[in-house]
Each structure stands twice: as structure tokens, then as C-alpha cells.
Amino acid sequence: MKNILRLVFVFSLSFAVLFVVFLVMHWLQSRLDPAMQSEGRLLWISVLPITIYGAMLLGLRYTIRVSIPIPLAILSLVILGLLCTGGLALGISRFTMPAYSRATLFSLGKPGLLLSMPDKAVVLLYDPQDPSSPQVLSLPGKPLVYLHTPQEGNSPRRLAAPLVSFRTASPPFLQGILNDFASTAAQLQTRLNLGFVPFMIYIGALIVLLSSVRFICTLGAWPLANLCVRILVFRGVLALEAFLNTPRIQRDLLSLLGSRLPQSLLSPVLLYTLGLLFILSALILHLIRKRSRYAS
């Protein structure tokens with residue numbers, strides 16, 4: 001009982017700390033990037049997936065460290081995950097942060113600012129804060145392109161030209177993780193717009209699947225190896241979730257199961273099914289180990 005109470009404290013604290021840290025980081029990024037949404041709902045939904053994954057990973061680690069039995073550990077993590085996420089959704093779903101005007105954003109520079117990379121450059125001729133302002137685009141092997149040309153009535157017309165990013169390129173594996181988290185956040189936002197119940201159904205499927213992989217994280221004998229296994233397993237769950245939510249896979253699933261299930265339940269049902277299969281395997285493994293101990 002003492003370990004369960006400590007698990008409640010560890011999981012709740014981890015969830016709260018991770019959520020606040022990632023929310024502040026995302027909020028600061030929104031202040032720096034004028035193109036990003038600054039509405040409170042979009043901000044907290046954007047950091048909720050990584051918060052859930054991080055809290056579940058730390059919770060699994062604690063249940064393994066204090067040797068909480070697998071069935072009790074899975075049940076405890078599912079309940080804690082649902083309570084923290086549901087309480088957070090009920091408390092913040094109607095909260096909206098103020099939209100900051102451009103005057104309060106950090107200045108990117110003055111008119112005429114030159115942004116450059118080794119193989120491309122853009123000269124902003126008017127307003128660095130406004131991506132649609134007149135500018136000159138330079139691409140390797142091509143002449144300079146003036147992105148605004150005069151028309152009748154002196155109204156500018158936007159020319160078709162490739163967008164140039166001046167952000168530091170992220171490693172491919174990190175960019176893939178960020179894209180998958182963004183896909184999960186989009187799913188959560190869509191389901192929250194449908195209502196609290198669809199939102200919690202999807203969250204419950206994700207939490208059940210994450211907690212069900214506990215027995216996989218204890219198959220190794222080395223703690224460092226087990227930690228690497230947990231991270232890889234969680235990465236696999238994230239990739240699987242993003243894969244199931246791709247439009248092509250949704251269309252294929254809808255063609256196979258659309259007559260039996262509505263489209264909004266396709267991904268949660270598959271996640272629930274996979275999680276229950278893992279839980280069943282964990283229970284069988286737990287019973288086998290328990291019987292072998294009694295036999296010895």
C-alpha cells in the first residue's frame with residue numbers, strides 16, 4: 001500500500017512538472033514565432049502527448065524499481081493517467097490565453113533584414129514580422145525573384161516561389177518524433193472538439209497501451225538495457241499511433257471495419273485491442289513465474 005501511495009505521488013508530480021515545463025517552452029516559442037497559434041487550448045493540447053508519454057515512462061520505471069506486481073502496476077497507471085489527463089482537460093479546456101499583438105513579440109529586425117544560409121538567402125524589403133511582405137528570394141542557380149509585382153491599381157500580386165526555412169535543421173530521428181507528437185496533438189484536438197467523451201476514449205486507449213508494455217520492459221537483466229528498451233518501446237507506440245491516424249490507413253480501416261465501427265473509434269479500438277493483448281500476455285507471464293516459484 002505504501003508503494004502505491006508513493007506511485008501516486010511520483011506519477012502526479014512527474015505529470016505536473018513535465019506539463020508545466022513543456023507548456024512554458026511551447027509558450028515561449030509561440031512568443032518568438034508570430035506564425036504560431038497563441039490560443040491557450042492549442043498550447044496545452046500541443047504539449048499533452050509528450051507529457052503523457054513522459055509521465056507513463058517515469059511511472060513504469062518506478063513500478064519496476066519498487067517491484068509492484070504487474071497487474072496492480074498496470075491498473076494503477078491506467079487509473080492515474082486517466083485521472084490526471086481528465087482532470088487537466090476539464091480544468092483547462094475552456095481556458096484561453098490572450099492573443100499577443102505583434103508589438104509584444106520579440107523583434108526579428110528592421111526593414112531590409114538579410115536572412116541567409118550557406119546555399120540560399122532572403123532579403124526582407126519591408127516588414128520582417130510579416131511573412132507576406134515584399135521580399136527578394138535567392139535560390140541556387142536561379143535569378144533573384146521579387147515576390148511582389150505591381151498590378152493595375154498598384155495592388156501587389158504574390159508570385160509562386162518555394163518557401164525557405166531558416167530554422168536549424170533537426171536530426172531526422174528527432175524531427176520524426178516531433179512530427180509524431182504533432183500528429184497525436186492534432187488527434188486530441190479533433191476529439192476534444194467532438195466532446196469530452198471521445199477525447200477520453202482516445203486518451204484511455206493510449207494509456208492502456210502504454211501501461212501494458214510493462215512486462216516487455218523487465219525482460220532484460222541490465223538496468224541500462226531495460227531503460228533503452230522502454231524508450232524504444234514507447235517510440236514504437238508513438239510511431240504506431242501516428243501510423244494508424246494517417247489518412248490512407250484510416251481509409252483502409254474504414255473500408256474494412258466502417259460498417260461495424262464509426263471512423264472516430266477505429267484507432268482507439270485497435271489501440272485498446274493491442275493493449276489488452278499485452279495485458280493478457282503479462283498476466284500469463286506473471287502466473288507462470290508465480291507457479292515456478294511455488295514449484296521451486
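Please compute the net charge surrounding VAL10, taking Lys and Arg as +1 and Asp and Glu as -1 over other residues with Cβ under 12 Å from its Cβ. Provide the component values of the computation, followed by the final result.
Working: positive: ARG6, ARG61, ARG65; negative: none.
With Lys, Arg at +1 and Asp, Glu at -1, the neighbours total +3.
Computed over neighbours whose Cβ is under 12 Å from that of LEU283, the net charge equals +3, Lys and Arg +1, Asp and Glu -1.
For the range 170-296, the calculated P(r) over all alpha carbon pairs, in 10 Å bins from 0 to the bin holding the longest distance, is 11, 34, 32, 16, 6, 1 percent. At 7 Å along Cα-to-Cβ for each site, give me the label-to-label distance between VAL8 and ALA182 in nm. Here the modelled spin labels are 4.0 nm apart. Each residue of the range 232-240 was assigned a 3J(HN,Hα) from its phi angle through the Karplus curve 6.51 cos²θ - 1.76 cosθ + 1.60 (θ = phi - 60°); the sequence is 5, 5, 5, 5, x, 5, 4, 5, 4 Hz, with glycine and proline shown as x.
Sorted ascending by nearby beta carbons within 10 Å, beginning with the fewest, SER211, SER14 become SER14, SER211. What the phi angles of the range 12-17 give under the Karplus curve with 6.51, -1.76 and 1.60, with θ = phi - 60°, is a coupling list of 5, 5, 4, 4, 5, 5 Hz, glycine and proline written as x.
For the range 211-273, what log10 I(q)/I(0) values come out of the Debye formula at q = 0.16, 0.27 1/Å, with one point per alpha carbon and no solvent? Evaluating at q = 0.16, 0.27 Å⁻¹ gives log10 I(q)/I(0) of -0.62, -1.07. Within the shell of other residues whose beta carbon sits under 11 angstrom from the beta carbon of ARG214, the net charge comes to +2, with Lys and Arg scored +1 and Asp and Glu -1.
Taking the fewest neighbouring Cβ atoms within 10 Å as the starting point, the ordered list for MET56, MET25 is MET25, MET56.
Throughout, read-outs are computed from the coordinates displayed, never taken from laboratory work. Values in this document were obtained by computation on a predicted structure and should not be read as measured data. As a convention, Cβ positions derive from the backbone with ideal geometry for all residues, glycine included, and neighbour counts pool all protein chains shown.
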